[in-house]
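Written out below as structure tokens is the structure these notes cover.
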Amino acid sequence: MTVGIIVGVLLWIFVLKSGVHATLAGVFLAMCIPLKVGKNTVLDDLEHNLHPWVYYSVIPLFALSNTGIPLAGVSFEALLEPISLEIILGLFIGKQLGVFSFSWIAIKLGFAKLPTGASWIQLYGVSVLTGVGFTMSLLISSLAFEHSSGDHVLMDRIGILIGSLLSGILAYAVLFFAGKSSKEKCLE
């Protein structure tokens, strides 16, 4: 395992220094991991050991570093700029309203069904969760403001960060309490 980590880090450094996108090193290394060695499933063990590191540190750090927001110059007034406010409202209000409304209409008209065991409040919680649109929002905003000044880029990233954060917090709260109430109904 240690040899694999050392080889992986060296491969990543060499690929990065060569000018090729370093993601390819990860893809290549992943293709070289054996599925089984004897009775042990190496890939399952590796995935199990990496899971907490990736979910609780790598992905959040990756997401935050890709925003490109210099947090030193951010003020409360930046949230009230039209671009920031529109993006916050679009992610936080617009996405949940759109997804929940169209889901409700599709279910009521018979085009879709509410999943078995799911409640309307859980569907609403998942609709709120769609406001956590970090990666695609960053891509779209970078394309939209490609030829704009630096202020637009900062404002859109602040809006994406705050809108995603608000959506994530509300979605967690709604789904947490919806889960508690469904457990209580099961106990009755």
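The values are calculated or read from the model by the stated rules, or taken from the named source; none is laboratory data. Every value quoted in this text rests on a predicted model; they were computed, and no experiment measured them. Cβ placement follows ideal geometry from the backbone for every residue including glycine, while neighbour counts extend to all protein chains displayed. Side chains included, ligands, DNA and RNA excluded: accessible areas come from the protein's heavy atoms. Shrake-Rupley method; radii C 1.70, N 1.55, O 1.52, S 1.80 Å.
Per-structure values
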read-out: Estimated distance in nm for a label pair at Ser181 and Val7, the labels positioned 7 Å out from Cα along Cα-to-Cβ; value: 5.4 nm
read-out: With every protein chain in place, the stretch 72-131: carbon and sulfur % of accessible area (1.4 Å); value: 73 percent
read-out: Residue (of Ala106, Pro82, Gly94) at the positive-pole extreme of the chain, dipole from beta-carbon charges; value: Ala106
read-out: The stretch 117-130 - phi-based ³J(HN,Hα) in whole Hz, Karplus 6.51/-1.76/1.60, Gly and Pro as x; value: x, 9, 9, 5, 5, 5, 4, 5, x, 5, 5, 5, 4, 5
read-out: Contour excess over end-to-end distance, with Cα ends at Ala144 and Thr116 and 0.36 nm allotted per residue; value: 6.1 nm
read-out: R0 of 30 Å, Cβ-Cβ distance Leu89-Ile59: FRET efficiency to nearest 0.05; value: 0.70
read-out: Dipole magnitude of the chain about its Cα centre (Cβ charges: Lys, Arg +1; Asp, Glu -1), debye to nearest 20; value: 660 debye
read-out: Per-pair calculated FRET efficiency, R0 = 22 Å: Leu79 and Thr23 via Cβ, rounded to 0.05; value: 0.10
read-out: Where N is the number of residues in the stretch 1-150, Cα Rg divided by 2.2 N^0.38 Å; value: 1.47
